[in-house]
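Student: Structure provided below as structure tokens; questions to follow.
Here, each number is a calculation from the coordinates, and none is a lab measurement. Nothing here was measured: the structure is a model prediction, and the numbers come from that model. Don't worry about glycine lacking a Cβ; one is built from the backbone with ideal geometry, like all the others, and counts go over all protein chains shown.
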Amino acid sequence: MAGNRQAITQPSIAPTTKVAAGGVAGALTVLVVWILGLLHVTVPPEAASALTVMISFISSYVIKQRIPAAAINPSTNDG
């Protein structure tokens, strides 16, 4: 089966909205753990890592996939 797979064509090299949401959520989680450290709240590294993965997954799951405006082809547009 793996031999029959083909790459998905993407309109640009820009990350999709789901990928961007996951990256932003991961960065924000790291900042939250850092701020908790400044407040002398000890967060074990394993818990911080798990929190990052969970928040990234949830944000990527909730955010809907969007097509960039530049990817819309006027010749195939119904309007």
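Student: Sorting ILE63, ILE58, ILE35 on the 10 Å Cβ count, fewest up front, what's the list?
Tutor: Working: ILE63 17, ILE58 13, ILE35 10.
By the 10 Å Cβ count, ascending: ILE35, ILE58, ILE63.
Student: Assuming R0 = 30 Å, can you tell me the calculated FRET efficiency for the pair GLN6 and ILE35, based on Cβ-Cβ distance, to the nearest 0.05? If you can, show how the numbers build up before the last one.
Tutor: Details: r = 45 Å, r/R0 = 1.49.
Here the calculated transfer efficiency is 0.10.
Student: Obtain the nm distance between the two label points defined at ALA14 and MET54 by a simple spin-label model: each point lies 7 Å from its Cα along the Cα-to-C-beta direction.
Tutor: 3.3
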